[in-house]
Structures are given as structure tokens and as C-alpha cells.
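*Asks:* Below is a structure I'd like to ask you about.
No value in this document is a laboratory result; all are computed from the given coordinates. What you see is a predicted model; the values in this text were computed from it and never measured. Ideal geometry is used to build each Cβ from the backbone, glycine not excepted, and the neighbour counts take in all protein chains shown.
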Amino acid sequence: MRALVIDDRDTNRLILLKFLAPWMVGDAASDGESGIEAFEAALQQGKPYQLICLDVMMPGMDGHEALAKIRRIEKDAQIPEQDQVKILMTTAVDSPNSINEATKLGADGYLVKPVRKTNLIEELEKLNLIPGGISA
Ligand SMILES: [Mg+2]
């Protein structure tokens with residue numbers, strides 16, 4: 001499985017890549033623009049990501065904008081819903097408005113930062129990206 005972590009902070013990217021390492025081959029991008037480039041390149045190479053962890057607060061293109069763009073690219077490419085990438089938003093504050101907006105834009109879940117390994121595993125289980133029972 002392949003994952004892409006998009007976050008403007010080095011430490012956040014490193015932590016998530018480390019947590020994901022047992023299950024996924026991880027790539028990272030430090031802003032929305034390069035994240036979208038990586039996403040599109042993976043699609044074009046026939047090696048799409050199964051998971052994107054996407055930071056909400058980033059300078060330049062923020063996470064919501066990047067999320068909308070990724071879903072637009074998938075729609076334009078006519079990717080069936082079951083093959084669309086799972087997107088987990090990572091957010092510094094547990095902000096209901098931000099989470100609602102992300103859900104409307106097509107996010108599959110969210111993680112509050114600092115991300116805890118158990119929360120990440122729970123979300124991956126919910127999305128059927130890893131077998132259930134690991135977080136139990
Ligand atoms: Mg950030």
C-alpha cells in the first residue's frame with residue numbers, strides 16, 4: 001500500500017511516516033502544490049496512493065483547497081468511488097467547523113494533532129486499510 005503525507009512541518013511528516021511504516025510505503029510533501037503533483041504523478045504511473053494524510057493549516061494552498069483539488073482530479077479521471085484515495089485530515093485543533101467542511105469536500109476522517117499512533121491505527125481500521133483488531 002502507498003501513502004502520501006502532506007504537511008508543512010518536518011516533524012509532523014516524520015512522525016506520520018514512522019507510524020505508517022509497518023503497513024505502507026510512504027512519501028511526503030511539504031505543501032499542497034507539491035502534494036497534488038505527487039498525487040497526480042502516482043495516478044499517471046498507475047501506482048496510486050491508497051491513503052493521504054493531509055494537514056489543514058499550511059501556508060499557500062491549505063488542506064481544504066488541496067482536498068477539493070484531489071477529489072476534482074479523481075472526478076475528471078472518472079475514478080470509481082471504491083478506488084478513490086482515502087484522505088485523513090490532520091488538524092491542530094479539534095474544530096467542528098473545519099471537520100464539517102472537510103467532510104463536505106470529501107475527506108474520509110480526521111486526526112487531531114499531535115497525532116497519536118492509536119488514533120491513526122483506529123482510523124486505518126475504520127477505512128479498511130489495515131485489518132481490524134490491531135488497535136484493540
Ligand atoms: Mg501545518
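*Asks:* What net charge is computed for the residues neighbouring TRP23, neighbours being all others with C-beta under 15 Å from the C-beta of TRP23, Lys and Arg scored +1, Asp and Glu -1?
*Replies:* +1
*Asks:* Oh, and also: Label GLU37 and ASP62 with points 7 Å out from Cα along Cα→Cβ: what is the distance between them in nm?
*Replies:* For GLU37 paired with ASP62, the spin-label model returns 2.4 nm.
*Asks:* Using a Gaussian network model of the chain with C-alpha springs under 10 Å, which one of ASN119, ASN97, ASN12 is most mobile by mean-square fluctuation?
*Replies:* Of the options given, ASN97 has the highest mean-square fluctuation.
*Asks:* In addition: Can you give me the three principal axis dimensions of the chain from its C-alpha atoms, in Å, biggest first?
*Replies:* Computed over the Cα atoms, the extents are 39, 30, 27 Å.
*Asks:* I've got another one for you. Report Rg(Cα)/(2.2 N^0.38 Å) for the range 15-56, keeping two decimals. Intermediate results must be reported in sequence, preceding the final value.
*Replies:* Values: Rg = 10.5 Å, N = 42, 2.2 N^0.38 = 9.1 Å.
Cα-based Rg divided by the globular estimate yields 1.15.
*Asks:* Shifting gears a bit: Given the rule -39500 (n - 2.57) for each run of at least 4 DSSP H residues, summed and divided by the residues of the chain, what is its mean residue ellipticity at 222 nm, to the nearest 500 deg cm²/dmol?
*Replies:* -13000 deg cm²/dmol
*Asks:* In a Gaussian network model over the chain where Cα atoms closer than 10 Å are linked, find which of ALA68, ALA77, ALA102 has the largest mean-square fluctuation.
*Replies:* Checking each option, the largest mean-square fluctuation is seen for ALA77.
*Asks:* Still on this structure: For a quick check, take a GNM of the chain with Cα springs below 10 Å and name the residue from VAL56, VAL115, VAL93 with the largest mean-square fluctuation.
*Replies:* Of VAL56, VAL115, VAL93, the Gaussian network model singles out VAL93 as fluctuating most.
*Asks:* Could you calculate the contour length gain from ASN100 to ARG2, that is, 0.36 nm times the residue separation minus the distance between their Cα atoms, to one decimal place in nm?
*Replies:* My answer for the length gained is 32.6 nm.
*Asks:* Select from PRO131, VAL85, VAL115 the residue farthest towards the positive end of the dipole of the chain; place +1 on Cβ of Lys and Arg, -1 on Cβ of Asp and Glu, and compute about the Cα centre.
*Replies:* Farthest towards the positive end: PRO131.
*Asks:* Please compute the Cα-Cα pair-distance distribution of the range 3-77 with 10 Å bins starting at 0, giving whole percents from short to long.
*Replies:* 21, 54, 24, 1
*Asks:* Straight-line reach only, C-alpha to C-alpha below 23 angstrom: list the lysines that LYS18 could link to, leaving out same-chain residues fewer than 8 apart.
*Replies:* LYS47, LYS86, LYS113, LYS117, LYS126
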